[in-house]
1. Looking at region 283-296, which of its residues are surrounded by 17 or more Cβ atoms within 10 Å (Cβ to Cβ) and either of a type outside the set (A, V, I, L, M, F, W, C) or assigned to a loop (DSSP other than H, G, I, E, B) (or both)?
2. Assess whether Ile280 counts as being part of a strand (DSSP E or B) and open to solvent by less than 10 Å² (accessible area, probe 1.4 Å).
3. In region 252-277, what count of residues is obtained for those that are assigned to a loop (DSSP other than H, G, I, E, B) and open to solvent by 20 Å² or more (accessible area, probe 1.4 Å)?
4. Checking Gly442 against (1) open to solvent by 20 Å² or more (accessible area, probe 1.4 Å); (2) modelled with pLDDT under 95, only one condition comes out false. Which one?
5. Please go through (1) over 18 Å from the mean Cα position of the chain (by Cα); (2) more than 24 Å from Ala361 (Cβ to Cβ); (3) of a type outside the set (A, V, I, L, M, F, W, C); (4) modelled with pLDDT of 85 or more for Arg447 and return the number of the only condition it doesn't satisfy.
6. With Asp428, Asp414 as the choices, which residue is of a type outside the set (A, V, I, L, M), in a strand (DSSP E or B) and closer than 24 Å to Asn347 by Cβ?
7. Can you find even one residue in region 204-221 that is part of a loop (DSSP other than H, G, I, E, B), closer than 30 Å to Gly423 by Cα and either among the small types (Gly, Ala, Ser) or open to solvent by 20 Å² or more (accessible area, probe 1.4 Å) (or both)?
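The values are calculated or read from the model by the stated rules, or taken from the named source; none is laboratory data. If you're wondering where the values come from, they're calculated on a predicted model, not measured in any experiment. Cβ: placed from backbone, ideal geometry, glycine included. Neighbour counts: every protein chain shown. Just so you know, the surface numbers come from the protein's heavy atoms only, side chains and all, with ligands and any DNA or RNA stripped out. Shrake-Rupley method; radii C 1.70, N 1.55, O 1.52, S 1.80 Å.
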Amino acid sequence: MSLKDSLKDLLCHRFRHRSDQSDQSELRAKFDHLATNRRSGHHAAPKFGYWGAVFSLSSLLGSVALSGSTFSGSPALAQRSTPPPLHQGETPLSPSEQRIPLRPVQARSIASLLGLDEQLFGQSGDRRNLLQSIDHSLRYLQSPAAATAYQNYPVAGITRDRVLRSVRRFRQLVTQARSARELATLVDREFTLYQSIGRDGNGDVFFTGYYEPIYRASRTPSATYRYPIYREPADLASWRTPMPTREILEGKDGQGTNSPLRGQEIAWLSDRLEAFLVHIQGSARLQLPDGNVITVGYANHNGYGYTSVGRELAKDGKLPFEGLTLPVMIRYFRQNPQELDNYLPRNTRFIFFRETFGAPATGTLGVPVTPDRSIATDRSLMPHGALALVNTTLPYASADGRVVNRNVSRFVLDQDTGSAMIGPGRADYFMGTGPIAGNRAGVTGSRGRLYYLLLRN
């Protein structure tokens, strides 16, 4: 579930459930402002910039008053940020109240309750993507890992066998249906809904978005490529705790001159901040000088929790909490590069990577995540690999190149997690790979509802 930690939480704090024209105009204005910053060189103009990255904004900026929406070391893609406060009168659930995260819902019609998944059918439909995501879940659900995960699942009636049969039957219905309405009708006949209790016990779920980035890198160090990322040491399990911090492992300047990890480098990046963001995302595609691409994914970490760099900057008065966005933070570091050595080491968490040899972005279940058809949730609470339905507001590119918010219902598979996905009130929506996915992830942040679909019998 990767710039995953950064871009998402940044942009998502203000964009909640907005559907009226004025709110859509504000969203477009926000996006246009970010795009203008990029075009005007605030990203130091690498060939593949920060918008070509898997990430969410939440972790990098943390719980600040942002205009946007993370993966900080989950095998998925990236950590996410703190959601917006609950509405007046709402009370967050205690950990004990979250132990039963789902409750059955009686609904005569899924379509009347949540609307139709209009993205599935038509010339530009992505039914193939959904079927692919279903197949990934089926592979996981038939594994020993799934058998173990469901042994003590806390919601009565939700077993691995039932989840497996439900996903398998839903695949048959998706293949059979010829329209979104026909699919909804078929699902209504055989499935029942279980709703996430959300953050407040009433189903309030905060959705963010993440994606997989692309950065420039080299297999060998040079004056241009100076910032390494490392594979997991073979003897990591025998390291004493507490383990070395980020500053010890990569040096205050991120170049690893005296690192105990020397010899474990996978690649060197050309940009210090991008190298740091790979840690936040946990996954990346690295463009080599000869045109080849290598892929890396999460392998392990040094045992420390995540510290938000954006929050640290705001706490020190370097940037205001209000209006703190990823472009603002990047611009600050471009104008004050000496501060990278002061602030990046404050995130003591350090990620070790592995080469994935061209494999697609992969979630914590060990199966690929699929654009617009995979989500990340709290792995300790939600049913792994299960079929879900999200009902929220998501950004889409319009014909004129702008981003427009749409209220949508989407069938998805729960296949990932992230260190900020805590509790039944958080979900992260995978947008895909590259700049377009990054643009969408960067402005994703809305309240909504999350349901799981299971066969009645």
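1. Answer for region 283-296, where residues must be surrounded by 17 or more Cβ atoms within 10 Å (Cβ to Cβ) and either of a type outside the set (A, V, I, L, M, F, W, C) or assigned to a loop (DSSP other than H, G, I, E, B) (or both): Ser283, Arg285, Gln287, Thr295.
2. no
3. Final tally of qualifying residues: 11.
4. Answer for Gly442: the failing condition is (1).
5. (1)
6. On inspection, the qualifying residue turns out to be Asp428.
7. Within region 204-221 (the criterion being part of a loop (DSSP other than H, G, I, E, B), closer than 30 Å to Gly423 by Cα and either among the small types (Gly, Ala, Ser) or open to solvent by 20 Å² or more (accessible area, probe 1.4 Å) (or both)), the answer is no, since none of the residues qualifies.
For (1) out of contact with any helix residue (DSSP H, G or I) (no Cβ under 8 Å at 6 or more places or on another chain); (2) at pLDDT below 95; (3) open to solvent by less than 10 Å² (accessible area, probe 1.4 Å), each residue gets a yes or a no:
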| site | (1), (2), (3) |
| --- | --- |
| Ser374 | no, no, yes |
| Ser380 | yes, yes, no |
| Gly385 | no, no, yes |
| Asn405 | no, yes, no |
